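Report on the structure given below.
Derivation of every value follows stated rules applied to the coordinates shown; laboratory data play no part. Just so it is clear, the structure is predicted and the values come from calculations on it, not from any experiment. So basically every Cβ, Gly included, is an ideal-geometry build from the backbone, and we count neighbours across all protein chains shown.
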Amino acid sequence: MREISTFKERILQYAEKKGITKYEIYQNTGISNGIFSQKGGLSEDNLLKFLSYYADISPEWLLTGKGSMLKGDTTNDTGCTADENSKLIRELIEKNGELRQQLGD
């Protein structure tokens, strides 16, 4: 089994990415103040509190370190997320329309 302390490291990575302070995590989740500074791991109860409040984090990533940090932030064989692919497709459709218009003129 993995060391539980890695949960703390991943939570802090998530917090950094989202611009969330430790204090905000404590306030929002009810996790005891200072838990990230203490030696040892997080209890199952604290992990559940965190996952319940921060619903956009991927439980698989938090627990195993595998996959994407955020739900719905999966990449495909292009290396892009679904949102990035959608944006690229919209841009291509728009560009295609512009080129058709130019060719028709």
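Remarks
- Local electrostatic count, S37, Cβ distance below 15 Å [Lys/Arg +1, Asp/Glu -1]: +2
- Under 15 Å, Cβ to Cβ, from E94 - net charge with Lys/Arg +1 and Asp/Glu -1: +2
- Zone residues, region 42-58, relative to E24, backbone N less than 16 Å from point 7 Å out along Cα-to-Cβ: 50-51, 53-57
- Amide H contacts of G30 (H built 1.01 Å from N, in plane; Pro and chain starts excluded): no residue 5 or more places away or on another chain comes under 5 Å.
- Cβ crowding within 10 Å averaged over residues, with 7-18, 23-34 ranked highest first: 7-18, 23-34
- Distances between placed amide hydrogens fall under 5 Å for I57 paired with K71, all partners being 5 or more residues away or on another chain.
- Applying a threshold of 28 Å to the alpha-carbon distances of K66/K95; K8/K71; K66/K87; K17/K87 flags K66/K95 as lying beyond it.
- Protection proxy ranking of 59-65, 35-41, 96-102, by the mean of other Cβ atoms within 10 Å over each peptide's residues and highest first, is 59-65, 35-41, 96-102.
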